[in-house]
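Here is the structure we will look at.
The values are calculated or read from the model by the stated rules, or taken from the named source; none is laboratory data. Note that the structure is a prediction, hence the values are computed from the model and not measured. Note that each Cβ is placed from the backbone with ideal geometry, even for glycine, and that neighbours are counted across all protein chains shown.
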Amino acid sequence: MSKKFYITTPIYYVNAHPHIGHAYTTIACDTIARRHRMLGDDTWFLTGTDEHGQKIERAAQAAGKTPQQFTDEISAEFRALWERMGLTHDDFIRTTSERHRQGVQALWRKIRDNGYIYKGTYTGQYCVSDELYVDAVGPGAPCPDCGRPTETVHEENYYFKLSAFQDQLIRLYTEQPDFIRPETRRNEVLSFVRGGLRDLSISRSTFSWGIPVPDDPKHVVYVWLDALANYITALGYGSSDPSKFDKYWPADVHMIGKEIVRFHCVYWPAFLLAAGLPLPKGITAHGWLLFEESKMSKSRGNIVRAETIVDVLGTDALRYFLLREVVFGQDGSFSFDALVQRYNSDLANGLGNLASRTLTMITRYFKGEVPYPSHAAHTPSDAAIADAARKVIADYGTLFDQYQFSRALETAWGLVSAVDKYIVENEPWSLGDKQDEESRSRLATVLYTSAEALRIVTALAHPVMPDATAKIWAQMGLGDIGKFDLTQLQWGQLHLGTKLGEVQAVFPRADKSVVERMQKMEEQSGGTGVPPATIAGGETGASPVQPSAARQPAAGTPPPAAAAKPAATIPDGKISIDDFAKVELRVAQVKTAERVKGTDKLLRLEVDLGTEVRQLVAGIAEAYEPETLIGRKIVIVANLAPRKLRGLESNGMIVAASPEGGKPVLASFLEDVPVGTRLK
């Protein structure tokens with residue numbers, strides 16, 4: 001009997017068009033959901049849009065539309081983008097839907113009837129951007145969360161007895177430490193709750209765009225109680241058919257951005273406890289996407305649309321980059337240069353090249369049929385690949401279940417690198433030119449081993465890159481990868497004689513013009529006429545939003561290129577500071593070092609950059625013995641385009657002094673410097 005698995009994204013606030021921040025969260029959830037389906041779990045994946053609140057009412061008014069017209073348009077854009085990207089959500093909830101209204105009002109009544117709601121009045125400061133009452137003094141006082149001016153509010157409200165749940169929440173966090181992940185977020189929440197909880201206003205009476213409070217329609221339900229309830233209203237809570245709610249609740253994981261942790265980890269469990277409902281099993285908060293070290297925001301003009309990347313490199317490239325490049329739970333950097341570099345190194349030159357060269361040689365030398373690996377022709381190098389593959393299967397699953405996507409993918413691509421090296425060392429192209437039985441047996445063994453490793457990486461990577469892996473799977477003659485049972489994955493399942501399909505390149509290499517093309521597309525998409533919004537993970541109403549009228553460039557925003565001053569003349573032989581800034585020098589630590597077969601000058605190194613391990617090929621073998629380099633900290637050029645040396649891909653360049661006529665001397669440090677530190 002399959003087990004159920006219920007995963008949710010935050011529902012996205014419709015104050016702005018969808019962008020890469022929204023895509024990041026939704027791609028992560030889609031990847032998790034796809035993997036659970038491959039594991040045979042009864043999976044339900046929910047996403048949607050948050051459409052109520054004073055912020056939306058004002059934004060619609062500024063756009064000359066009714067709130068319903070405004071939300072209909074933006075919500076439709078989210079649905080269209082998710083469909084275009086092939087995301088596999090099972091439901092899309094809108095807070096303006098009738099089913100949601102019924103569920104929210106049912107939840108309100110349950111909490112009220114249990115004695116946790118009472119009426120009072122509020123006078124103080126309210127942050128419209130965050131839809132939050134705040135501790136601030138005086139008209140226009142800055143919001144302590146987002147820094148924007150607050151408004152003085154005096155109104156009758158209903159209050160929720162949040163203070164009654166302080167001790168229960170503290171016990172929850174301490175007795176179930178995995179309820180909030182990562183640990184840094186859990187510690188923040190625990191500190192907040194231990195500081196004391198005050199009762200929470202859960203209605204508004206000075207505007208009308210929201211769900212009416214049951215039995216008192218001059219009030220509307222507080223936007224966060226409204227929004228958070230989506231996780232149960234989408235399952236039919238409060239409806240005449242609660243079967244889906246009974247089946248899937250509680251959620252196995254709520255995936256959120258770190259800026260809305262308080263709402264999900266304090267208010268939401270308190271609401272559920274007050275209603276006598278089960279709590280979700282876990283809440284996982286990821287970090288922000290940064291663009292050139294700044295949080296993306298419309299006011300800065302550094303929002304990146306997912307459509308741009310999908311149009312140029314495809315959805316799989318975006319999915320892989322976000323999950324491989326960013327350590328989940330931490331802030332991560334986005335740039336078009338990094339995207340293309342990762343695409344070329346890992347996809348075009350990595351998985352794509354492995355698939356192309358392996359399947360092409362099987363087609364050429366064995367008429368497109370998987371050959372028989374001769375036991376007589378086996379060598380220790382074949383066994384090493386098989387052992388590495390078995391370890392990858394085990395480690396990948398463990399890391400993925402912990403949402404350590406970057407490390408899981410790094411582990412899988414370690415197998416890709418190992419097979420690349422294996423192919424170079426065994427030179428199947430040379431064996432293919434020979435007709436003796438021993439050479440043919442050895443060739444068959446090498447190609448079978450390579451193809452089987454390719455099959456395993458493809459199966460593991462399918463939830464991350466569904467389109468490309470489906471194509472590779474079909475080229476291998478294995479049918480529909482979506483029907484593969486991931487729980488059964490093990491070495492040696494590639495059937496002999498399997499007829500390959502047509503072999504085609506899956507990841508064509510991207511040149512420099514691709515970056516320029518994407519940058520130009522983003523420039524041309526500017527000025528979309530929507531309320532500028534600061535984004536993080538692209539979450540619900542907690543994301544700070546500028547007033548909708550503020551559509552002019554923010555103070556300090558550089559003028560358009562046409563109005564820029566002419567660049568200063570640079571003397572011959574010199575470079576500008578901008579040119580120097582393009583070179584990314586970072587501290588790396590050598591983890592592995594070995595000589596490259598067939599050459600006296602090259603060493604193959606694996607170096608740790610803190611967030612990843614890379615392979616480098618360096619011409620320092622005449623100056624350094626491999627074993628003397630292990631553990632040494634060096635400087636590398638980290639953003640150099642990858643290149644092949646003796647069949648091995650080098651992703652970066654070691655910095656060394658090269659005296660005239662002498663041996664190279666590695667750049668190093670007198671003091672200890674953390675791995676990954678950038679040199680400036």
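Return the only residue of R58, R79, R109 being at pLDDT below 95 and charged (D, E, K, R).
Of the residues listed, the single one that is at pLDDT below 95 and charged (D, E, K, R) is R58.
Would you be able to tell me the number of residues in region 366-381 that are surrounded by 14 or more Cβ atoms within 10 Å (Cβ to Cβ) and outside any loop (DSSP other than H, G, I, E, B)?
4
Only residues in region 417-436 that are free of Cβ contacts under 8 Å to residues at least 40 places away in the same chain count as the first member; pair them with residues that are of a type in the set (F, W, Y) and part of a loop (DSSP other than H, G, I, E, B), Cβ under 8 angstrom, at least 6 apart or cross-chain, and list the lot.
none
One line per residue, one yes/no per condition, for (1) within 17 Å of V220 (Cα to Cα); (2) part of a helix (DSSP H, G or I); (3) without any contact (Cβ under 8 Å) to a residue 24 or more places away in the chain; (4) aliphatic (A, V, I, L, M):
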residue: G103; (1), (2), (3), (4): yes, yes, no, no
residue: A106; (1), (2), (3), (4): yes, yes, no, yes
residue: G140; (1), (2), (3), (4): no, no, yes, no
residue: D145; (1), (2), (3), (4): no, no, no, no
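Can you list residue pairs whose Cβ atoms sit under 9 Å apart, with the first residue in region 652-680 being surrounded by 10 or more Cβ atoms within 10 Å (Cβ to Cβ) and the second being part of a loop (DSSP other than H, G, I, E, B) and among the polar types (S, T, N, Q)? Count only pairs 6 or more apart in sequence or on different chains.
G652/N639; P664/S658; V665/S658; G676/T611
Out of all the residues in region 482-514, which are without any contact (Cβ under 8 Å) to a residue 24 or more places away in the chain and closer than 24 Å to P373 by Cα?
Within region 482-514, Q488 is the sole residue that qualifies.
Name the residue that is surrounded by the most Cβ atoms within 10 Å (Cβ to Cβ), counting only residues in region 621-651 that are assigned to a loop (DSSP other than H, G, I, E, B) and in contact with a helix residue (DSSP H, G or I) (Cβ under 8 Å, 6 or more places away or on another chain).
N651
Scan region 71-96 residue by residue and report those that are out of contact with any strand residue (DSSP E or B) (no Cβ under 8 Å at 6 or more places or on another chain) and either buried (at least 17 other Cβ atoms within 10 Å of the Cβ) or assigned to a helix (DSSP H, G or I) (or both).
Of everything in region 71-96, those that are out of contact with any strand residue (DSSP E or B) (no Cβ under 8 Å at 6 or more places or on another chain) and either buried (at least 17 other Cβ atoms within 10 Å of the Cβ) or assigned to a helix (DSSP H, G or I) (or both) turn out to be D72, E73, A76, E77, A80, L81, E83, R84, M85, T96.
Scan region 363-379 and report the pairs whose first residue is over 16 Å from K434 (Cβ atoms) and whose second residue is assigned to a helix (DSSP H, G or I) and of a type in the set (F, W, Y), with Cβ atoms within less than 7 Å and a gap of 6+ or a chain change.
Listed by first residue and then by second, the contacts come to V370/Y448; P373/Y448.
For the condition over 26 Å from Y422 (Cβ atoms), at pLDDT 85 or above and not assigned by TED's automatic domain parsing to the domain that holds L415, what is the one hit in A638, A621?
A638
Helices (runs of 4 or more DSSP H) wholly in region 207-326 with at least 1 residues that are at pLDDT 95 or above and outside the structural domain of V128 (by TED's automatic domain parsing) - which ones?
306-312, 315-325
Can you go through F405, F334 and tell me which one is at pLDDT below 95, under 17 Å from the mean Cα position of the chain (by Cα) and buried (at least 21 other Cβ atoms within 10 Å of the Cβ)?
Of the residues listed, the single one that is at pLDDT below 95, under 17 Å from the mean Cα position of the chain (by Cα) and buried (at least 21 other Cβ atoms within 10 Å of the Cβ) is F334.
Before we move on, is A510 surrounded by 13 or more Cβ atoms within 10 Å (Cβ to Cβ) and assigned to a helix (DSSP H, G or I)?
No.
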